[in-house]
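Colleague: Sharing a structure below in structure tokens format, with a few things to ask.
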Amino acid sequence: MASDNRQNRIPEDDARRLISAHDGDIALLYIWQLLHPAFDAEQAAADLCLTSLEIRSAKEKLDRLFSSASPHTPADPVPQNVSVEPPRYSEQDIRRMLQDGREFQTIVGETARIIGHTLSTPDLEILLGIYDHLALPPEVIMELINYCAERNMEKFGPSRRLSVRTIQKEAYRWAEEEIRSFEAAEYYINRQKMLRKDVSELADVLSLHRESLTATQERYILSWIAMGFETEAVAEAYDRTVLNTGKLSWPYLDKILQAWHRNGLHTIREIREKDGRHSERKQKKSSSVNPVNPEDIFIFEKNEKK
């Protein structure tokens with residue numbers, strides 16, 4: 001008779017989330033991670049007969065599905081498994097790399113072209129740290145530099161030049177997320193473009209401009225996207241927030257969405273089917289605007305107070 005080992009059972013809440021995702025790769029990776037305390041993309045790909053890109057995609061979706069990070073908590077800017085301080089490079093080290101390192105020469109040339117000026121010695125030291133200390137492949141570094149330039153133009157326009165420090169900060173993020181191939185870089189860049197598009201759409205729903213969002217406001221929106229809410233669902237939560245508070249209250253709006261997320265409600269159809277009391281009340285209020293008998297208005301208001 002098989003023993004009932006409850007320690008190996010998937011928690012009910014986790015099972016519901018996995019089912020709601022409708023993604024077999026996510027479910028397989030979840031089970032694989034139960035058996036492997038340390039995540040290894042290559043090992044997972046081999047065990048599950050998936051490509052590394054499919055594993056990374058499933059990992060990202062799985063992390064979003066079970067994300068519980070507060071939007072008030074800023075992301076750690078320093079990778080945990082990468083040394084905070086790169087080694088110091090002397091001018092002789094830099095000069096030797098510029099003379100003998102063809103790949104590094106190309107990286108320096110592309111950076112100078114994009115930034116629009118000759119790089120200083122500190123700039124060159126940062127780039128050498130990315131190339132040597134972080135050990136990102138040259139083709140990945142080139143993708144990184146162009147991605148940073150595109151993001152800088154989107155945020156600030158031509159008025160602010162891209163800094164090498166900005167490139168360094170993003171390079172650490174890529175190293176932490178193990179973006180070490182051209183394919184992984186392309187996937188990450190495309191994913192970030194999609195996220196920015198989603199953020200812009202939700203900013204429009206909230207009657208805001210994407211450029212005017214504060215860091216905290218953007219973290220709120222990114223957390224709602226990670227939970228899997230469709231645009232119409234956030235619009236419904238925004239409508240209820242303004243109706244009940246008279247303004248856009250980010251904490252109030254977030255509480256509504258957090259409650260729906262806990263109950264597995266992420267689409268406008270699910271919300272209206274399973275959380276329809278508000279809609280019925282709003283419908284009653286809108287119908288009261290039409291010309292009606294004053295006695296009926298009195299009865300309606302009396303019932304509302306109850």
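The values are calculated or read from the model by the stated rules, or taken from the named source; none is laboratory data. It should be emphasised that the depicted structure is a prediction, and the values quoted were computed from it without experimental measurement. Ideal geometry is used to build each Cβ from the backbone, glycine not excepted, and the neighbour counts take in all protein chains shown.
Colleague: Quick check on region 81-88. Is at least one of its residues at pLDDT below 70 and within 30 Å of residue 31 (Cα to Cα)? Please lay out each step first, then the result.
Modeller: We begin by selecting, within region 81-88, every residue at pLDDT below 70; these are 81-85.
Next cut, within 30 Å of residue 31 (Cα to Cα) only: 81-82.
Scanning region 81-88, I find at least one residue that is at pLDDT below 70 and within 30 Å of residue 31 (Cα to Cα), so the answer is yes.
Per-residue answers, yes or no, for (1) closer than 20 Å to residue 192 by Cβ; (2) of a type in the set (Ser, Thr, Tyr); (3) touching a residue at least 40 places away in the same chain (Cβ under 8 Å):
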position	(1), (2), (3)
97	no, no, no
103	no, no, no
108	no, no, no
123	no, no, yes
128	no, no, no
133	no, no, yes
146	yes, no, no
160	yes, no, no
165	yes, no, no
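Colleague: Picking from 41, 69, which residue would you name as being more than 24 Å from residue 260 (Cα to Cα), of a type in the set (A, V, I, L, M, F, W, C) and either modelled with pLDDT under 70 or surrounded by 11 or more Cβ atoms within 10 Å (Cβ to Cβ) (or both)? Steps first, please.
Modeller: Working: 69 fails: more than 24 Å from residue 260 (Cα to Cα).
The conditions single out 41.
Colleague: If you go through region 141-200, how many residues are over 18 Å from the mean Cα position of the chain (by Cα) and either on the phi > 0 side of the Ramachandran plot or among the aromatic types (Phe, Trp, Tyr) (or both)?
Modeller: Here the count works out to 3.
Colleague: While we're on this one: Please work out which one of (1) crowded, with 18+ Cβ neighbours inside 10 Å; (2) assigned to a helix (DSSP H, G or I) is the condition residue 162 fails and give its number.
Modeller: With (1) crowded, with 18+ Cβ neighbours inside 10 Å; (2) assigned to a helix (DSSP H, G or I) applied to residue 162, the lone miss is (2).
Colleague: Test each condition in (1) under 30 Å from residue 212 (Cβ atoms); (2) modelled with pLDDT of 85 or more; (3) within 27 Å of the chain's Cα centre (by Cα) for residue 116 and report the one that comes out false.
Modeller: With (1) under 30 Å from residue 212 (Cβ atoms); (2) modelled with pLDDT of 85 or more; (3) within 27 Å of the chain's Cα centre (by Cα) applied to residue 116, the lone miss is (3).
Colleague: Here is a list: 132, 93. Which entry is more than 30 Å from residue 159 (Cα to Cα), under 34 Å from the mean Cα position of the chain (by Cα) and part of a helix (DSSP H, G or I)? Spell out how you get there, then give the answer.
Modeller: Values: 93 fails: under 34 Å from the mean Cα position of the chain (by Cα).
Every option except 132 fails the conditions.
Colleague: Just the residues that are crowded, with 17+ Cβ neighbours inside 10 Å and in contact (Cβ under 8 Å) with a residue 40 or more places away in the chain, please, taken from region 135-144. Before you say what the answer is, go through the steps one by one.
Modeller: Restricting attention to region 135-144, the residues satisfying the condition of being crowded, with 17+ Cβ neighbours inside 10 Å are 136, 140-144.
Once the filter is applied, which keeps residues that are crowded, with 17+ Cβ neighbours inside 10 Å and in contact (Cβ under 8 Å) with a residue 40 or more places away in the chain, region 135-144 yields 136, 140, 143, 144.
Colleague: So, restricting to helices (runs of 4 or more DSSP H) that lie completely within region 180-279, which ones have at least 3 residues that are in contact (Cβ under 8 Å) with a residue 40 or more places away in the chain? If you could, list the steps in order and put the result at the bottom.
Modeller: Working: elements: 182-205, 215-227, 231-245, 250-262, 268-274.
Qualifying helices (runs of 4 or more DSSP H): 182-205, 215-227.
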